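Presented below is the structure to which this report refers.
Nothing in this text is a laboratory measurement; each read-out follows from the coordinates by a stated rule. Being a predicted model, the structure only gives us computed values, none of them experimental. Glycine gets a Cβ as well: all are built from the backbone with ideal geometry, and neighbour counts include every protein chain shown.
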Amino acid sequence: MQLQIQPIYLITLISKFGPVPVSRLYIPVITILILFCILCLYSIRNLHEKNKRLYLYSDLTLLPNKNSLLKFFKENHKTSIHDISLLYIDIDNFRYINQTEGHEFGSQVLLEVSKRLALLAKPNGRVYHLSGDEFVIIYNNPSETGLGEVMAAYIQAGFKKSFDISDKELYINISIGVVERPAENMTIQQMLEAAEVAMYRAKETGKNKYALYDITMSRTLAERTSIIKHMRHAIEQNEFEIHYQPQLDLFFDRIDGFEALLRWNSKELGWVAPDQFIKAAEATQLIVPLGAWVIRNACAFLKKLDDMGYSPLNMSVNVSIIQLMQDDFVPTVQDTLEFLELSPENLELEITESLLMESFDLVMPKLEELRKIGVRIALDDFGTGYSSLSYLSQIPITTLKLDKSFINKIGTKEEGLIESILHMCKRLNLCTVAEGVEKNSQIPILKEMGCHKIQGYLFSKPLTEEGIINLLQTAPTLVDDIYLLDSQNKQRK
Ligand code: C2E
Ligand code: MG
Ligand code: MG
């Protein structure tokens with residue numbers, strides 16, 4: 001605020017009251033100046049307080065932040081931290097909540113979560129809001145070694161109750177990394193990093209879990225960081241390729257199509273397993289361009305086979321939920337099919353069961369859109385995750401892929417379970433594929449049970465484009481000849 005005394009006012013004053021002694025004239029001016037200075041000092045102090053608050057507390061949740069946490073340990077000379085347990089908490093799928101419901105709703109979620117954490121941590125835990133959707137709780141733990149784990153289980157149980165946010169009933173899950181009374185030479189910063197690593201492990205094992213830190217986890221993190229670093233340039237440097245694993249139709253006794261499986265031969269790291277790099281690609285969103293590249297190339301290969309006269313064949317491509325979440329995912333798939341003049345029915349997109357369950361509401365509309373344009377949808381790895389049968393009739397899938405772990409039950413007393421699932425799929429009009437078929441003995445049983453297709457090392461490992469063309473030219477197509485194929489396969493390996 002600026003205070004200006006114009007000379008014209010002074011002249012008016014003088015003309016109205018006649019000549020005034022200079023000292024009397026200055027009194028109100030000086031008073032105003034003093035008041036002005038007080039006001040300025042007050043604002044400066046307020047600003048300083050606000051900055052201090054912002055430096056030490058979260059603006060949104062008002063909880064102490066990471067600076068507060070570090071300051072606390074510094075001021076209390078807590079160089080040795082072996083008598084505390086630390087919980088590193090992250091909200092599952094928060095990014096999706098933000099993406100679909102908007103940032104304002106996301107902020108409400110953070111606020112409600114912070115309140116619930118503060119309540120659950122009482123009376124011994126100190127809660128900190130690190131950043132975004134990450135929180136930390138610290139417990140003094142002088143003697144009870146398992147306290148951190150007990151509290152992690154307790155806090156997770158506290159999230160079973162739903163949240164009421166903007167008139168919506170919302171279930172929020174959290175993943176927790178626990179560091180329990182660490183070695184004496186660990187600093188608080190290292191303890192935070194270790195807990196974060198454990199939290200990521202909890203996420204990888206299916207989310208909504210807690211994991212206790214151990215040293216081997218850090219090695220995994222270092223590997224992952226290196227994968228991410230090298231993957232960024234791998235597409236431009238043509239380090240990725242696609243291998244194709246044939247699927248055999250048990251009824252028509254012929255190769256029916258292929259599953260496209262991504263391979264990465266890194267110049268620096270050598271061959272990296274898909275299970276490792278796909279997760280890293282998902283974490284960094286690199287899966288979006290990479291996944292689009294796979295769809296384009298797999299479809300182009302299908303077109304090539306079509307042009308060579310090997311039709312009708314089908315192509316299955318694995319897609320990640322991050323790809324599905326992109327606004328342009330369905331139009332891009334449609335454009336690719338139109339450009340190559342492929343029939344949408346010959347493309348099948350595979351999604352995994354655990355991912356579908358986790359983000360059911362978000363994924364459903366996309367799946368319905370894909371079905372509308374005629375693309376087929378397979379539920380992959382069935383039997384590894386939740387395996388809930390009740391939702392199978394509610395999702396717009398066309399195919400169910402029974403995981404290898406399920407197929408391995410053939411010949412055991414759990415075989416009946418496979419039969420019931422296949423029976424139910426028949427009633428739901430779903431195509432069924434048995435994955436990881438490695439034994440001859442499994443074929444007649446699967447055929448008898450009504451399974452439509454098989455895929456596995458028994459017939460063929462994933463092959464290069466050239467390998468597939470060779471196979472189509474030379475391999476017998478009759479499944480009854482699988483025994484013959486088995487021996488050919490052994491020669492090929
Ligand atoms: P998936 O989609 O379930 O693929 C089947 C996996 O089982 C493949 O592993 C395949 O090589 C392996 N397999 C096939 N037959 C047999 C068998 O008889 N015995 C055994 N032990 N294994 C068999 P791969 O290629 O290592 O891929 C692993 C996973 O990585 C895939 O599992 C899929 O979830 C993911 N993946 C691969 N390519 C892509 C991709 O382009 N995009 C995405 N999002 N995920 C991909
Ligand atoms: Mg698959
Ligand atoms: Mg699978």
Report task. Can you tell me how much longer the chain between Leu417 and Tyr457 gets when fully stretched, taken as 0.36 nm per residue apart minus their C-alpha distance, in nm with one decimal? Result -> 12.1 nm
Report task. Taking the Cβ of each residue in Cys40, Cys425 as the centre, tally the other Cβ atoms inside 10 Å and list the residues starting with the fewest. Result -> Cys40, Cys425
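Grab the DSSP H runs of the chain that are 4 residues or longer, score each as -39,500 (n - 2.57), total them, divide by all residues and round the 222 nm result to the nearest 500 deg cm²/dmol. Mind dumping the intermediate values first?
On the way: 19 runs with 241 residues, N = 493.
Only helices count here, giving -15500 deg cm²/dmol.
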Report task. List the GluC sites (Glu not before Pro) within the stretch 243-288 that fall in a DSSP loop (any state other than H, G, I, E or B) and whose Cβ has at most 15 other Cβ atoms within 10 Å. Result -> Glu268
Report summary line: In the neighbourhood of Tyr310 defined by beta carbon distances under 15 Å, the net charge of the other residues (Lys, Arg +1; Asp, Glu -1) is -3
Requested in this report: Between beta-carbons, use under 15 Å as the cut-off and find the net charge around Glu369, counting Lys and Arg +1, Asp and Glu -1.
Outcome: -1
Query raised in the report: Excluding Glu239 itself, what net charge comes from residues whose Cβ is under 14 Å from its Cβ, given Lys and Arg +1 and Asp and Glu -1?
Result: +1
Requested in this report: Multiply the residue gap between Leu340 and Tyr55 by 0.36 nm, knock off their C-alpha separation, and tell me the result in nm, one decimal place.
Outcome: 97.0 nm
Report task. Which order do the peptides 396-404, 359-367 take when ranked by the mean count of other beta-carbon atoms within 10 Å per residue, highest first? Result -> 396-404, 359-367
Query raised in the report: Taking 1 over the mean of 1/r across every pair of different Cα atoms in the stretch 227-492, what Kirkwood radius in Å do you get?
Result: 19.1
**Report entry** Loop GluC sites (Glu not before Pro), the stretch 72-136 (other Cβ atoms within 10 Å of the site Cβ: 12 or fewer; DSSP)
**Finding:** none
Query raised in the report: Measuring from label point to label point, each 7 Å out along Cα→Cβ, what is the Tyr171 to Ser131 span in nm?
Result: 3.2
Requested in this report: Could you list Ser393, Ser58 in order of exposure, starting from the residue whose Cβ has the fewest other Cβ atoms within 10 Å?
Outcome: Ser393, Ser58
Query raised in the report: What is the fewest-to-most order of Leu35, Leu70, Leu87 by other Cβ atoms lying within 10 Å of their Cβ?
Result: Leu35, Leu70, Leu87
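Working out 0.36 nm times the residue gap between Thr384 and Leu472, then minus their Cα-Cα distance, what length gain in nm do you get to one decimal?
Contour length minus the Cα-Cα distance gives 28.5 nm.
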